[in-house]
Amino acid sequence: MQSEINPWSSRQNIDTEKLFRDFGIKPAGQAIKDLKNPPVFFRRGIVAGQRDYAAVADAIENHKKFYVMTGFMPSGHPHLGHLMVMKEVVWHTLMGGTGYISVADREAHAVRGISWDKCKEFGKEYLKCIYALGYRGNTYFQSENNPLKDLAFESATKINFSELSAIYGFTQETSLAHAMSVATQVADILYPQTREGPAPTVVPVGIDQDPHIRLTRDVAGKLRMFTVIDLESGSPGVSIRSKNAPVKAMDKLEKAFPGCKRYEGHIDVYGADRDLVEKTVRETELDCGGYGFYLPSATYHTFLQGLMGGKMSSSVPESLFRFDEPEKDIRKKIMNALTGGRMTLEEQKRLGGEPEKCSVYLLNLFHMQEDDEELKDMRCACREGRLMCGTCKKETFERVKTFLKDFNEKMDEVSHMVEE
Ligand code: TRP
Ligand code: SF4
């Protein structure tokens, strides 16, 4: 059942609601309420779910430290389908987050058999795209990052094969390198906190990547020395539970909270403010050589359907375009796209189109029309039979053209950043 959303499978007709229900992903609605100015991808429901986003929204609104991190597997050229995550990352950096981008060349090599040279080449293309979108932050290739690899090894001490088979459907035939690439991705997500100290980390991903998030949260918890929970007695206060914490750390905490009660494996602090205790516990862990991790947060975006309907995939070239494709090819793809239009013009005028089903409308909703009013006008005109698909596609192509012209210019401007 779980391997249904195996991140490496090509299936993508994911039952979002079921997934949310089964795995505890929360709808994005609360996140929107917590933000003063929610961005397009939240407002339009493109990001449909989240985990622990409250911590990130709090950091944004109150100017606290947080990280935004994601990874790209360089198994081919970047294309339209990667744009959403890139925009989410850039937006979070503009909101004050420190950015980390991993080029997951270990994964591409282990899982897809991509040569290291190709990984380098594709990886640079991804980085160029994200810089062109305004990203300024850290980037690395997994294979070149030694502290990351050390962290992957440490993470791997908390992962066993039965978990891998339960989460990903790994079998006896799965290569060890594949398993190592999973540990490396766990390390990717925890890496910012090991560089710059514990803080909330948001990982924008497609829904198919949730297994990685779950595993990472599990590992992050296991790598902690302590967990802080409410007192079981129901009286106000918290209990600091040790998970094999060194005696030294227990001593320190006992000193830090006068009047607390120390037991064999836990310390109870009565009437204490939870956030304050959490903070002290984290600092103590760091002092004693631990990690003090926050469990990573995540946002889950839905997938833009392909231009021919169905899945957008580089194995179906008509379903998407790359950013460096000749204009006439892109034009053709858009003009041939599957729409929510009717069989005949007469019918379309009478019944109106169906924008929700239309890949051209969705392209606008996801990327090409940032103005909510204009998007609404387009939707209404379509529904009311005032807008015909031919015109609509031409207008959309013009927007795509403008976007790509600007994007490609910016890519040229930032290409030196990728060579360094
Ligand atoms: N597995 C991701 C993919 O297939 C890439 C990835 C690697 C990633 N490391 C990551 C995603 C860390 C999010 C966070 O695209
Ligand atoms: Fe899609 Fe535009 Fe046709 Fe409506 S008019 S169905 S939005 S292409």
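Can you check what the Kirkwood hydrodynamic radius comes to for the range 108-197, Cα pairs only, in Å to one decimal?
For the range 108-197, inverting the mean 1/r across all distinct Cα pairs yields 14.6 Å.
Find the percent of Cα-Cα distances in the range 279-398 that exceed 17 Å, and round it to a whole number.
Tail fraction, whole percent: 63.
For the chain, modelled as a Gaussian network with Cα springs under 10 Å, which listed residue fluctuates most, His301, His212, His63?
Maximum fluctuation in the GNM of the chain, among the listed residues, is at His63.
How much accessible area per residue does the range 203-266 have, counting only protein heavy atoms and a probe of 1.4 Å, in square angstrom?
46 Å²
Using C-alpha positions alone, give me the convex hull volume of the range 33-185 per residue in cubic angstrom.
135 Å³
Please compute the Kirkwood hydrodynamic radius of the range 138-265 from all pairs of different C-alpha atoms, in Å with one decimal.
On the way: mean 1/r = 0.0588 Å⁻¹.
One over the average 1/r among Cα pairs gives 17.0 Å for the range 138-265.
What base-10 log of the normalised intensity I(q)/I(0) is obtained for the chain from the Debye formula, alpha carbons as equal point scatterers, at q = 0.11, 0.12 Å⁻¹?
Debye intensities relative to I(0), on a log10 scale: -0.89, -1.03.
Å³ per residue of the Cα convex hull, for the range 39-80?
Residue-normalised Cα hull volume stands at 118 Å³.
So for the chain, averaging the separation of alpha carbon pairs under 8 Å that are six or more residues apart and normalising by length, what relative contact order in percent results?
Averaging sequence separation for qualifying contacts and normalising by length gives 17 percent for the chain.
Could you rank Ile229, Ile25 by how accessible they are, 1.4 Å probe, largest area first?
If we order Ile229, Ile25 from most to least accessible, we get Ile229, Ile25.
Would you grab the residues whose amide H sits under 5 Å from the one on Leu387? Only those 5+ places off in sequence or on another chain, please, with H modelled 1.01 Å from N.
Amide H neighbours of Leu387: Cys382.
Give me the percent of the accessible area of the chain that comes from carbon and sulfur atoms, probe 1.4 Å, all protein chains in place.
For the chain, the apolar C and S fraction of the accessible surface comes to 51 percent.
Past 21 Å, Cα to Cα: identify those pairs from Lys26/Lys128; Lys333/Lys401; Lys332/Lys401; Lys124/Lys410, in the order given. Let's see the in-between values first.
On the way: Lys26/Lys128 33 Å; Lys333/Lys401 13 Å; Lys332/Lys401 12 Å; Lys124/Lys410 15 Å.
With Cα atoms farther than 21 Å apart: Lys26/Lys128.
Grab the eigenvalues of the alpha-carbon gyration tensor for the range 319-381, scale each by 5, take roots, and send me the semi-axes largest first in whole angstrom.
So the three semi-axes of the range 319-381 are 23, 16, 8 Å.
Determine which aspartates and glutamates satisfy two conditions relative to Lys36: a Cα distance under 14 Å, and not lying fewer than 8 residues away in the same chain.
Candidates past the 8-residue exclusion: Asp58, Glu61.
Picking from Phe153, Phe41, Phe293, which is most flexible by a Gaussian network model of the chain using Cα springs under 10 Å?
Phe153
Can you list the GluC sites (Glu not before Pro) in the range 165-265 that are in a DSSP coil and have 11 or fewer other beta carbons within 10 angstrom? Display every interim value, and only then the final one.
On the way: sites: Glu173, Glu196, Glu232, Glu254, Glu264; in loops: Glu173, Glu232, Glu264.
Loop-located and lightly packed - Glu173, Glu232, Glu264.
The values are calculated or read from the model by the stated rules, or taken from the named source; none is laboratory data. These figures come from a predicted structure and were not determined experimentally. Note that we place each Cβ from the backbone using ideal geometry, even for glycine, and neighbour counts take in every protein chain shown. All accessible areas refer to the heavy atoms of the entire protein, side chains included, with ligands and DNA or RNA removed. Shrake-Rupley method; radii C 1.70, N 1.55, O 1.52, S 1.80 Å.
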